[in-house]
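Accompanying notes for the structure given below.
The values are calculated or read from the model by the stated rules, or taken from the named source; none is laboratory data. Computed from a predicted model, the values in this text were never measured in an experiment. Reconstructed Cβ throughout: ideal geometry from the backbone, glycine too, with neighbour counts over all protein chains shown.
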């Protein structure tokens, strides 16, 4: 028995903002952004578009490709750091309703940029139980709504988008599917990347912070140091856990946070840069959406074939990090 990926889907908003266009709003340059991150552009959701809207568009594409009707889903696991509502209801429930997935349980996961990696493992584990057959796993973000446009070193890094995979439990399959996952957290680094907002530390007092918008707060140096170590730890532990060699893998699909981090990892493991699939130049950092968005782009380009070994990895707020091994 194995849980296999039936199909992928993605949605990227049509509003494309290049570095040059962003430089008209923020004190930055195309050269600075590219040299520090490898980003050339990003896409922003239109006014009125919510995270659930991006997720639904991507989900419909994936379901159509899989030939699966919404009512045939048993589970929806949605990862996001920018839900339609902070707290509740879950964005997964909103997506469930918009899709008409009347038989599906639905829940959100918040593990920052590692969210989709966590969500794959959660869905995989839940599908092991008899009575569940198919799941929709979604990574979706509207980060343009929470960046601090006065913080020029941070606001240029993020974009909006959604990526989806349809999973199916296959009792006759034993060699393909999600083979291994390795997940970790380092909560001691929580304040290196967080969403600045009013403190909820009093039952009756509501201070002036309550009127301030939430914004991303990031210690760039601390996050960079963490990410370099995390990407190495993830790869080493997945290889040790699986008994595989890094050269057994056709592709490594990392969270699209910074091209420089990935290039350093490729050099350390003796892999050519082109074994790491990167699309950060076009889409920037879409947080939890980056890995499934990349997967769908790879499928559309014919880069993934049945039987290919793929390693995914993520690292982000929490701090969290982890990866999956998938035989396509």
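Remarks
- Residues of region 46-73 that turn out to be part of a helix (DSSP H, G or I), in contact with a strand residue (DSSP E or B) (Cβ under 9 Å, 6 or more places away or on another chain) and farther than 17 Å from residue 142 by Cα, as a count: 9
- Only one entry of 257, 265, 294 meets the criterion of being in contact with a helix residue (DSSP H, G or I) (Cβ under 9 Å, 6 or more places away or on another chain) and assigned to a loop (DSSP other than H, G, I, E, B), and that entry is 257.
- Residue check for residue 96: in a helix (DSSP H, G or I), out of contact with any helix residue (DSSP H, G or I) (no Cβ under 8 Å at 6 or more places or on another chain) and in the same structural domain as residue 9 (by TED's automatic domain parsing): yes
- Output for region 239-253, where each listed residue is within 18 Å of residue 264 (Cβ to Cβ), in a helix (DSSP H, G or I) and at pLDDT 95 or above: 239
- Enumeration of residues in region 1-51 that are closer than 30 Å to residue 125 by Cα and more than 17 Å from the chain's Cα centre (by Cα): 1, 2, 3, 4, 6
- Being assigned to a strand (DSSP E or B) and either at positive phi or modelled with pLDDT of 95 or more (or both) is a property that holds for residue 76.
- Residue count for region 278-293 under the criterion of being touching a residue at least 60 places away in the same chain (Cβ under 8 Å) and either farther than 13 Å from residue 10 by Cα or in the same structural domain as residue 258 (by TED's automatic domain parsing) (or both): the result is 7.
One line per residue, one yes/no per condition, for (1) surrounded by fewer than 18 Cβ atoms within 10 Å (Cβ to Cβ); (2) assigned by TED's automatic domain parsing to the domain that holds residue 77; (3) at pLDDT 95 or above; (4) closer than 24 Å to residue 100 by Cα:
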| site | (1), (2), (3), (4) |
| --- | --- |
| 118 | no, yes, yes, no |
| 126 | no, yes, yes, yes |
| 130 | yes, yes, no, yes |
| 137 | no, yes, yes, yes |
| 144 | no, yes, yes, no |
| 149 | yes, yes, no, no |
| 153 | yes, yes, no, no |
| 158 | no, yes, yes, no |
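To keep it simple, each residue is scored yes or no on (1) assigned to a helix (DSSP H, G or I); (2) without any contact (Cβ under 8 Å) to a residue 40 or more places away in the chain; (3) on the phi > 0 side of the Ramachandran plot; (4) surrounded by fewer than 21 Cβ atoms within 10 Å (Cβ to Cβ).
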residue: 6; (1), (2), (3), (4): no, no, no, yes
residue: 9; (1), (2), (3), (4): no, no, no, no
residue: 16; (1), (2), (3), (4): no, yes, no, yes
residue: 20; (1), (2), (3), (4): yes, yes, no, yes
residue: 24; (1), (2), (3), (4): no, yes, no, yes
residue: 27; (1), (2), (3), (4): no, no, no, yes
residue: 33; (1), (2), (3), (4): yes, no, no, no
residue: 42; (1), (2), (3), (4): no, no, no, no
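- Criterion applied to 270, 318 was being in a loop (DSSP other than H, G, I, E, B), touching a residue at least 40 places away in the same chain (Cβ under 8 Å) and on the phi > 0 side of the Ramachandran plot, and the one residue passing it is 318.
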